[in-house]
1. List the pairs whose first member sits in the range 126-154 and is over 19 Å from Ile207 (Cα atoms) and within 12 Å of the ligand (Cβ to nearest atom), whose second member is β-branched (Val, Ile, Thr) and open to solvent by 10 Å² or more (accessible area, probe 1.4 Å), and whose Cβ atoms are under 9 Å apart, counting only residues at least 6 apart or on separate chains?
2. Which one of these does Gly290 not meet: (1) in a helix (DSSP H, G or I); (2) under 23 Å from His219 (Cβ atoms); (3) within 15 Å of the ligand (Cβ to nearest atom)?
3. Leu12 - would you say it is modelled with pLDDT under 50, under 20 Å from Asp358 (Cα atoms) and surrounded by 14 or more Cβ atoms within 10 Å (Cβ to Cβ)?
4. Any idea which residue in the range 211-231 is farthest from the ligand (Cβ to nearest atom), counting only those that are under 30 Å from Thr402 (Cβ atoms) and of a type outside the set (A, V, I, L, M, F, W, C)?
5. If we scan the range 254-274, do we find a residue that is in contact (Cβ under 8 Å) with a residue 40 or more places away in the chain, charged (D, E, K, R) and under 18 Å from Ala194 (Cα atoms)?
6. Looking at the range 37-124, what helices (runs of 4 or more DSSP H) fall wholly within it and have at least 2 residues that are away from the ligand (no atom under 16 Å from the Cβ) and at pLDDT 95 or above?
7. In the range 127-146, what residues are in a helix (DSSP H, G or I) and within 18 Å of Glu266 (Cβ to Cβ)?
8. Regarding the range 257-276, can at least one residue be identified that is aromatic (Phe, Trp, Tyr) and either open to solvent by less than 10 Å² (accessible area, probe 1.4 Å) or modelled with pLDDT under 95 (or both)?
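The values are calculated or read from the model by the stated rules, or taken from the named source; none is laboratory data. Given the structure is predicted, the values throughout are model-derived calculations rather than measurements. All Cβ positions, even for glycine, are placed from backbone atoms using ideal geometry, and neighbour counts span all protein chains on display. With ligands, DNA and RNA removed, areas are computed over all heavy atoms of the protein, side chains included. Shrake-Rupley method; radii C 1.70, N 1.55, O 1.52, S 1.80 Å.
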Amino acid sequence: MSGNLHVLQTRLPNTARSFTTKAPAWDSLLDPSRAYRYPECWQLLVMRIYLDYNATTPVDPAVLDAMLPYFAETFGNASSIHSPGQRARGAVDGARASVAALLGAKNSEIVFTSGGTESDNLALFGAVAASQEPRKHIITTAIEHHAVLNSAQALEKLGVAVTYIPVGREGVVDLADIRRAITPETMLISVMHANNELGTIQPIEEISRIASAAKVLFHCDAVQTAGKLPLDVNRLGVDLLSISAHKIYGPKGTGALYVRSGTPLEPQFHGGHHERDRRPGTENVPGIVGLGKAAELARKNLMTDCARITSLRNRLEDTLLGACADAHVNGKRAQRVSNTSNISFHAAGGEALVIALDLQGIACSTGAACSSGAVGPSHVLMAIGLSPDEARSSLRFSLGRTTTPAEIDQVVAVIPQAVERLRALSPLNTNAAISA
Ligand SMILES: Cc1ncc(COP(=O)(O)O)c(C=O)c1O
């Protein structure tokens, strides 16, 4: 354990280390009865392998270091005209420039929000509210995140017509379906860049050409591609694009919406004139600074992270498919982001598998974190044509910056046995070849 303590101490940034040394002795962090007081430290020590980076990422130590002064030392309101306010404003402006650089946007086109969900809501509701059209129609896909899907459903209740484009077995939309869905009333298309469960990448540049030819606004939820793919809003041709800090080693509760200059957008909150009248509310300065630093690191690390993580993901998939009968990768033939793998293990039961692996110190998931607790199989896996049982027997592994080859070796050593044990207990396991 002292080795673990050393690792923990060296992973913490200077400022955080000085805070934690004021906490009770390091050894007391290891006492399970006190785990509730220091859950992060406890998790780092006992949770050996984390493969759920699409749900959230740890805050990078450099991000935490950048944020900490803005809680207490430099606490000014970024709208105040005095010096503390100006210092906060300077920090917000710096973060805006960094996010704009990540997206190839102008600083003035970045609106800070409370995360991906708010960015998606602002894009959809804001664009619809600003539209001059008397009749409104929007197009989205069946595999969007609930931040978009449930917004679209709420808009339907307000009288907006919505077309949900289906996807094929590989989890990618067909451009012909999008072309066919456009009507004279269509005012917005919203398609995600990479799917959070499958990692499949949608043909955003082609869709933006279709949207622009039809004079329709185009929103893209890029929450799962920021930091994983190069993002250039001009090359992608989008009018609106959402990102979230906690998917790129930044803090939870902070995000941004890119709004192309001239795009009509009605604010969805009412208050002051913050964010150029597009999103009122006192800026979350530490969170915004964290997003800015995370964006800077994402840009710097993109290529190295990608190459390394792709090879680890492929090793995970190849070994698991070799070792487990009747397992297949969902969306395998599509272009996918480097870190995501969604695997169906016939008749193993995804939730039971997640729990079994968790007991062995491996964290992965059955799908979107915000759907956990939801009854019913994943809407994404159902949309690609899996049966409810197949969908319920699928796991999502999402790798990240700190994933190591040794961790992948450990995971592939543990999973086949766990799958076999659960299959032996499963009422779905009628296949003699599998139970043999
Ligand atoms: C594709 C996608 N969009 C939106 C969100 C919501 O982002 P946030 O958690 O910042 O609200 C997520 C989160 O999982 C996501 O994966």
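1. His146/Thr117; Ala147/Thr117; Ala147/Val223; Ser151/Thr117
2. (2)
3. Considered against the rule, which asks whether it is modelled with pLDDT under 50, under 20 Å from Asp358 (Cα atoms) and surrounded by 14 or more Cβ atoms within 10 Å (Cβ to Cβ), Leu12 comes out as no.
4. If we take residues in the range 211-231 being under 30 Å from Thr402 (Cβ atoms) and of a type outside the set (A, V, I, L, M, F, W, C), then Pro230 is farthest from the ligand (Cβ to nearest atom).
5. No - not one qualifying residue is present in the range 254-274.
6. Because the criterion is at least 2 residues that are away from the ligand (no atom under 16 Å from the Cβ) and at pLDDT 95 or above, the helices (runs of 4 or more DSSP H) in the range 37-124 that meet it are 61-67, 83-103.
7. Ala127, Val128, Ala129, Ala130
8. Checked against the condition, which is being aromatic (Phe, Trp, Tyr) and either open to solvent by less than 10 Å² (accessible area, probe 1.4 Å) or modelled with pLDDT under 95 (or both), the range 257-276 yields at least one hit.
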